[in-house]
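Participant: Sharing a structure below in structure tokens format, with a few things to ask.
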Amino acid sequence: MLKKAVLMVFATMLLIAFAGIASANQVDGMVSGTGPVLPVDLDVSVNPGGLGDGLIYGYYNARDAFTFFRVVNTSTTEAIKARVRFREAKRSKEILDFNICLSNKDQWSAWIFSPTAAGPAIILPTDGGLEPPDSVTAAMKTITAPAISANGQAFKYSATGPAGLAGVTADDTKEGYFEIIGVTTLLAGSDGGVDTNDSHVNFTASQCINIQSPVNEVPNVLAGNADVIVFRPVQGSGLYSYNAAAIADCDITQDFDLSAEFPVWTNCFNGLSGVDYALTKVNHIAMYNLEEWDGAETEVIINFPTKSLHGVGPWTKPFDTVSSSNCEPVDINIYNDLENTSTSTTDFSPSGNPAQPELCNEVNVIKIEKSDLLNTKVGAQFNVSGVTPFTGLGWVRIGLNTGTISCATGNSTCRDAGAVESVGLPSLGFVLNRFIGEMGAMDSTQYNSYIRFNQVAPGRQ
């Protein structure tokens, strides 16, 4: 049975009382109020201003949908080389990665869609503006598409990719997330024969590939957003837009070999645990609308963007999954606007553990009641019909603090040799709403973090 919110609070209070710690909120790896100071070795954070040297785009969909995205180099003086990496939604298997080079003040954009029902999704760059190439336009009009454009690149899967993609089907490539990691700025005289960093325009592919200059720190100047455009004539269409999460001060380490390595979050100056710390949340809060008069629907997306870097089941902490089911247990409490609540686990499906709801993918689409906004293969259903009387407005809390809070076991990201713990799991959350026909919105979930600080740890005050 799900823990009731009051029991969770009481248990946490007991844990604090007996562990000899101080605690408070910190947000996104930054100082917050009068809480504990940041770990002494932490630089990385999630920038609420949306600018960083790395970006995480938490969701794309190419099933009855098209995703359009952009990345912008807001620097007026420096060109930047970055790595783009796409991961499928079930296990975060890497299905495509490549480099892009952005001149100062430049942007790069692309469409993601499926030209055929049986084939994989493709990415189609469109540097000329928002208007898509003819193949995308035709697909939008007919929900089918002609042959892949010569400029498009299909995502890889088990039949086309390396052994690491075993079990990934063409259909799996149609839903997932992606990241862009700034690798280096381009300095005059060390940029593979390209013009100086403040004058070059329109990098060619060969120029971008051949740039092997020493890694120079990328400033927090990258920004990005995405639009998920759904075309479902029967279920209803919608436009869902969001800003990419900006990872600030990742700062790829100076010993990174640009010619031989492909950066992941582990290569940030603070390592993987630093990025985990900045992304860790203990609760996601989503407000829902299920009002019948306007046909409203709500879905919640929870993404674990660093889980795949912790191994492949069983994962290393902070993820405490130990079975091949890949599932992470969560606590869910839901409230309507009459202050009624439901915590019945029988209302969550599927659940690998009968005693508790679980999120079993790297990207999870939680459909509330009969919502059907997205054609998804990584969905879970959460029903609220057990609450009587029930109204169509309310909110849901998705708690990620379900395991042992310990640096030695799981459910916390630790810094300063375990002196500081960010409780919960590294995650991103979105809430999708559609109402009054096809009017839609996609917002980040509200959330809170919970930081534990061991007062007796050496060197801490």
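The values are calculated or read from the model by the stated rules, or taken from the named source; none is laboratory data. As the structure is a prediction and not an experimental result, all values here were calculated from the model. Positions of Cβ are backbone-derived with ideal geometry, glycine not excepted, and every protein chain shown enters the neighbour counts.
Participant: What's the number of the only condition in (1) within 22 Å of Phe304 (Cβ to Cβ); (2) surrounded by 22 or more Cβ atoms within 10 Å (Cβ to Cβ) that Arg91 fails to meet?
Facilitator: (2)
Participant: Look through Asn47, Asn73, Asn61 and report the one residue that is within 21 Å of Cys268 (Cα to Cα), crowded, with 22+ Cβ neighbours inside 10 Å and modelled with pLDDT of 85 or more.
Facilitator: Being within 21 Å of Cys268 (Cα to Cα), crowded, with 22+ Cβ neighbours inside 10 Å and modelled with pLDDT of 85 or more holds for just one of Asn47, Asn73, Asn61, which is Asn73.
Participant: Need at least 1 residues that are assigned by TED's automatic domain parsing to the domain that holds Tyr59 and touching a residue at least 12 places away in the same chain (Cβ under 8 Å) per element, so show me which strands (runs of 3 or more DSSP E) inside the stretch 396-453 make the cut, counting only ones lying wholly within it.
Facilitator: No strands (runs of 3 or more DSSP E) qualify here.
Residue-wise test of (1) under 19 Å from Val330 (Cα atoms); (2) in the same structural domain as Leu428 (by TED's automatic domain parsing).
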position: Phe256; (1), (2): no, no
position: Val264; (1), (2): no, no
position: Asn283; (1), (2): yes, yes
position: Asp294; (1), (2): no, yes
position: Glu297; (1), (2): no, yes
position: Gly311; (1), (2): no, yes
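Participant: Right, here's the next one. Can you tell me which residue among Thr376, Thr388 is closer than 28 Å to Glu175 by Cβ and either touching a strand residue (DSSP E or B) at 6+ places or on another chain (Cβ under 7 Å) or at pLDDT below 75 (or both)?
Facilitator: Thr376
Participant: Can I ask one more? Can you list the strands (runs of 3 or more DSSP E) found entirely within the stretch 197-286 that contain at least 1 residues being closer than 30 Å to Gly437 by Cβ, small (Gly, Ala, Ser) and at pLDDT below 75?
Facilitator: none
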